[in-house]
Amino acid sequence: MSKTFTGISYILQGIPYVNIIGLFLVPISWIIEGAEKRRKLWVLTGILGLLTIGLFAVGVALTLTALYPEIMKFASNPHVRVGNFTAGELRKLVSSMTPNMLGGGIVLGASVITGIAYFILMIVSLFQAGDVYLTNTVKIGAVLFIVGFLFALSGSAYLLAATPGLHSSHASVISEIYLFYLAAFFTSLLASIVTGIGFLIARNP
């Protein structure tokens, strides 16, 4: 029963617009799987997944709460309303927002750290699950997740390398970076669906 729930959770995670549901269900399914199969690593994987989601949600909420008053204050400036604000006013806005954003930034940073740990443990757990349920399909899903992560990592590295000399006229460079992230996105969706199918067709040990 638990592997069926895990399979459905991963498939939902791979379907656009409903994948937000899968993002919540996948960590929960790992906790259930771990408890049923008595594998502490799987339980820890699920806990880290839920912790990452919680930290990210809190970080976004803190950041938006800090930004809203400053943005409204900036928007009420008569120079802004006529589109004639100066660079100095813009710098003042950024400097006033920075202290307020510190708390949200710290929490979001923590979510990145737990997210990376969650991803690593999930990959290890998927390979273990492939052995437990005697299915290579789950392992293929794990490999696809790694490929998607490498696409995203390559796009980020390319972006950092190109940023100093990047201008809006460099459309080809921007398109190449966009393609890396697009490949990462669709590979991750495919990985989720393949993994979900792997759990659904797997045999109970």
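The values are calculated or read from the model by the stated rules, or taken from the named source; none is laboratory data. Only a predicted model underlies this, so the values are computations on that prediction, with no experimental measurement involved. Positions of Cβ are backbone-derived with ideal geometry, glycine not excepted, and every protein chain shown enters the neighbour counts.
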* Structure fact -> Taking the range 96-129 and keeping only residues that are at pLDDT below 95 and touching a Gly at 6+ places or on another chain (Cβ under 7 Å), one is left with Gly104, Val107, Leu108, Ser111
* Filter result (surrounded by 17 or more Cβ atoms within 10 Å (Cβ to Cβ), among the small types (Gly, Ala, Ser) and within 23 Å of Phe127 (Cβ to Cβ)) within the range 21-66 -> Gly22, Ser29, Gly34, Gly46, Gly49
* Between a first residue in the range 1-20 that is crowded, with 20+ Cβ neighbours inside 10 Å and a second residue that is acidic (Asp, Glu) and outside any loop (DSSP other than H, G, I, E, B), which pairs have beta carbons less than 8 Å apart while being 6 or more apart in sequence or on different chains? -> Lys3/Glu33; Thr6/Glu33
* Please enumerate the residues belonging to the range 116-153 that are among the small types (Gly, Ala, Ser), surrounded by fewer than 18 Cβ atoms within 10 Å (Cβ to Cβ) and out of contact with any Phe, Trp or Tyr (no Cβ under 7 Å at 6 or more places or on another chain). => Ala117
* Structure fact -> Taking the range 9-52 and keeping only residues that are part of a helix (DSSP H, G or I), over 14 Å from the mean Cα position of the chain (by Cα) and hydroxyl-bearing (Ser, Thr, Tyr), one is left with Ser9, Tyr10, Ser29, Thr45
* For the range 112-131, name all the residues that are among the hydroxyl-bearing types (Ser, Thr, Tyr) and over 9 Å from Trp42 (Cα atoms). => Thr114, Tyr118
